[in-house]
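*Asks:* Sharing a structure below in C-alpha cells format, with a few things to ask.
The values are calculated or read from the model by the stated rules, or taken from the named source; none is laboratory data. Source: prediction; values computed, not measured. Here the Cβ is made from the backbone with ideal geometry for all residues, glycine too, and neighbour counts use every protein chain on show. To get the accessible areas, we keep the full protein, side chains included, count just its heavy atoms, and leave off ligands, DNA and RNA. Shrake-Rupley method; radii C 1.70, N 1.55, O 1.52, S 1.80 Å.
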Amino acid sequence: MSDDRIVFAPDDVDLTRSPLRRDLSEPTYVLGAFNPALTRLPSGNLLLLVRVAEALREPVRHGCVRSIRWTGGRYVLDAFPADAADVSDPRFFSLKGGAYPFLGLTSLSWLLPVELSADGQRVVAVHYDRAVEPSADYAQYGVEDPRIVAIDGTYWMTVCGVSGGRLCTVMYRSDDGFAWRSQGIVLDHGNKDMVPFEGRVGDRFVSLTRPLSDAWFVAAPDGAEGSGPSINLATSPDMLHWRPLAEPALQPLKGAAAYKLGGGTPPVRTKRGWMMLYHGVEKQGAVGVYRTYRALIDAEAREVRERDETRPVLEAASALIAPIAHQAYLPQPVVFTTGIVADGEDWIVASGEADLACRLTRVAGARLD
C-alpha cells in the first residue's frame with residue numbers, strides 16, 4: 001500500500017443500512033467516519049472498527065434544535081428551544097443558562113466493522129450486520145473512539161459511552177473480532193481515553209487511562225511537569241476491575257506546545273519495552289491542533305523511559321482529504337491516532353483525519369521500536 005492514505009470516508013457509508021434506520025425516517029448524513037480501532041483477524045486480514053457519527057440533515061426545525069438518543073432499544077429525537085442554545089459548532093450545541101455547561105450532540109456515533117486485506121491495500125467487506133451500537137442508557141448518545149487489543153486469543157475493545165449522566169468507558173469482548181458482547185462499564189465519568197496494552201505484564205492486564213476535569217490544581221513550581229489532562233496507568237486481574245497506579249505516566253511538560261495529552265494506540269511489546277503512540281494538543285482556536293507522538297514504557301509497565309514531543313510521528317495532512325475537503329468542518333488540523341498492527345518490519349498505524357475519515361500510515365519499524 002502507499003505510505004499514507006485515506007481508506008474509508010463518509011461517502012463510503014451506506015446509511016440505508018444504518019442501525020438508526022430501524023426507528024428514524026428523518027434524513028441523516030455522515031458527519032464523520034473516523035477514529036478507527038485496528039486489529040488483525042484470525043484470517044490475517046485487518047479489521048477497522050470505524051466510528052460513524054450520524055447527524056440530522058436538519059438539526060434545527062420549528063424553533064427547536066434536535067438530537068438523536070437511544071432509549072429502551074430504540075432511537076428517538078429530542079428537541080430543545082433553539083433560542084436557548086448556541087449552535088455555532090457543527091459537532092454539538094450548548095444550552096444557555098444552566099448551572100453547568102450542558103452540551104447536546106448533533107450526531108450519534110455507532111461502530112462499523114470494515115475488513116481490509118492483510119496489507120491494508122483494499123476493502124474486502126463492510127459488515128453492517130456486525131455494527132456495534134448503544135445497548136444501555138450510559139451510551140444513550142452513542143459509542144465513540146474504540147480501541148482493540150488481541151490477548152491470548154480473545155479480542156477486547158474499549159469505547160467511550162456518552163450519556164446525560166456520564167462519560168464512561170465500556171468494555172466489549174469478542175472471540176472472532178466480529179461478534180462483540182458488552183461487559184458493561186469499567187471506568188466511570190470522565191475517562192474517555194482508556195487504552196489497554198496488547199498483552200499481559202506478568203499476570204496483570206494493564207491500561208492507559210486519561211481522567212478529565214473542568215479544573216486542575218497547580219503543579220509544583222520547581223518541577224518540569226505541569227497540570228492538566230495526563231495519561232495514567234491502571235492494572236486489572238480480569239480486564240473488568242481496574243486499580244490506578246499512583247504515579248501518572250505522562251503529564252504535560254511546562255513550556256511544551258502540547259498542553260493536553262491523551263492515549264492513542266494500544267501499547268505494543270517491543271524488544272525495549274512497550275511502545276505507544278499518543279496525542280498531544282496545542283492550544284489554538286476552538287479545537288486545538290492534534291499531533292501524534294511516541295513514548296516507550298518499561299517492560300514492567302511502571303514508568304515512561306522515553307518521550308519526544310519535539311518531533312511528531314504524525315501530523316494532520318490536508319492533502320489527504322483534499323478530494324473531500326468540502327465535507328470538512330474542523331477549524332484546526334487534527335490527526336487522532338487509534339490503532340497499530342505489525343506488518344513485517346513495519347507498523348501500520350490507523351488514525352482519524354480531521355474527525356472526518358480513516359487514515360492508514362505505514363511507518364518503518366526502526367522509527368518506532
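*Asks:* Consider region 34-53. How many of its residues are open to solvent by less than 60 Å² (accessible area, probe 1.4 Å), in a loop (DSSP other than H, G, I, E, B) and either in contact with an Asp or Glu (Cβ under 8 Å, 6 or more places away or on another chain) or without any contact (Cβ under 8 Å) to a residue 24 or more places away in the chain (or both)? Outline the logic, then answer.
*Replies:* Of all residues in region 34-53, those open to solvent by less than 60 Å² (accessible area, probe 1.4 Å) come to 34-39, 41, 44-53.
Checking the rest, the ones that are also in a loop (DSSP other than H, G, I, E, B) come to 41, 44-45.
Filter once more, so that each one left must be either in contact with an Asp or Glu (Cβ under 8 Å, 6 or more places away or on another chain) or without any contact (Cβ under 8 Å) to a residue 24 or more places away in the chain (or both): 41, 45.
Of the residues in region 34-53, 2 are open to solvent by less than 60 Å² (accessible area, probe 1.4 Å), in a loop (DSSP other than H, G, I, E, B) and either in contact with an Asp or Glu (Cβ under 8 Å, 6 or more places away or on another chain) or without any contact (Cβ under 8 Å) to a residue 24 or more places away in the chain (or both).
*Asks:* How about region 65-75: which of its residues are within 25 Å of the chain's Cα centre (by Cα) and assigned to a strand (DSSP E or B)?
*Replies:* Going through region 65-75, the residues within 25 Å of the chain's Cα centre (by Cα) turn out to be 66-71, 73-75.
Arg66, Ser67, Ile68, Arg69, Trp70, Thr71, Arg74, Tyr75, listed by residue number.
*Asks:* Could you give me the residue pairs with C-beta distances under 6 Å whose first residue belongs to region 72-97 and is over 24 Å from Pro134 (Cβ atoms), whose second residue is of a type in the set (Ser, Thr, Tyr) wherever it lies, and which are 6+ apart or on separate chains?
*Replies:* Matching pairs, first to second residue: Asp86/Ser94.
*Asks:* When you go through Gly177, Gly190, Gly255 one by one, which is the residue that is out of contact with any His (no Cβ under 8 Å at 6 or more places or on another chain), modelled with pLDDT under 90, on the phi > 0 side of the Ramachandran plot and open to solvent by less than 10 Å² (accessible area, probe 1.4 Å)? Please lay out each step first, then the result.
*Replies:* On the way: Gly177 fails: modelled with pLDDT under 90; Gly255 fails: open to solvent by less than 10 Å² (accessible area, probe 1.4 Å).
That would be Gly190, the only listed residue that is out of contact with any His (no Cβ under 8 Å at 6 or more places or on another chain), modelled with pLDDT under 90, on the phi > 0 side of the Ramachandran plot and open to solvent by less than 10 Å² (accessible area, probe 1.4 Å).
*Asks:* Same structure again: Just one of (1) touching a helix residue (DSSP H, G or I) at 6+ places or on another chain (Cβ under 6 Å); (2) in a loop (DSSP other than H, G, I, E, B) trips up Gly161, so point out which.
*Replies:* (2)
*Asks:* Something else: Taking interchain pairs and intrachain pairs at least six residues apart, which have beta carbon atoms under 9 angstrom, with the first residue in region 315-330 and without any contact (Cβ under 8 Å) to a residue 60 or more places away in the chain and farther than 19 Å from Val363 by Cα and the second part of a helix (DSSP H, G or I) and open to solvent by less than 50 Å² (accessible area, probe 1.4 Å)?
*Replies:* Note: pairs meeting the criteria are Ala328/Ile321.
*Asks:* Mind checking which residues of region 214-235 are open to solvent by less than 20 Å² (accessible area, probe 1.4 Å) and assigned to a loop (DSSP other than H, G, I, E, B)?
*Replies:* Correct list: Gly226, Gly228, Pro229, Ser230.
One line per residue, one yes/no per condition, for (1) part of a strand (DSSP E or B); (2) more than 16 Å from Trp180 (Cα to Cα); (3) modelled with pLDDT under 95:
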residue: Ala55; (1), (2), (3): yes, yes, no
residue: Asp78; (1), (2), (3): yes, yes, no
residue: Val87; (1), (2), (3): yes, yes, yes
residue: Gly97; (1), (2), (3): no, yes, yes
residue: Leu111; (1), (2), (3): yes, no, no
residue: Val114; (1), (2), (3): yes, no, no
residue: Ala118; (1), (2), (3): no, yes, no
residue: Asp129; (1), (2), (3): no, no, no
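*Asks:* Conditions: (1) in a loop (DSSP other than H, G, I, E, B); (2) out of contact with any Ser or Thr (no Cβ under 8 Å at 6 or more places or on another chain); (3) open to solvent by less than 30 Å² (accessible area, probe 1.4 Å); (4) within 24 Å of Ala37 (Cα to Cα). Asp238 meets all but one. Number of the miss?
*Replies:* It is condition (3) that Asp238 fails.
*Asks:* In addition: Does Glu247 count as part of a loop (DSSP other than H, G, I, E, B), acidic (Asp, Glu) and without any contact (Cβ under 8 Å) to a residue 60 or more places away in the chain?
*Replies:* Details: part of a loop (DSSP other than H, G, I, E, B): yes; acidic (Asp, Glu): yes; without any contact (Cβ under 8 Å) to a residue 60 or more places away in the chain: yes.
Yes, satisfied.
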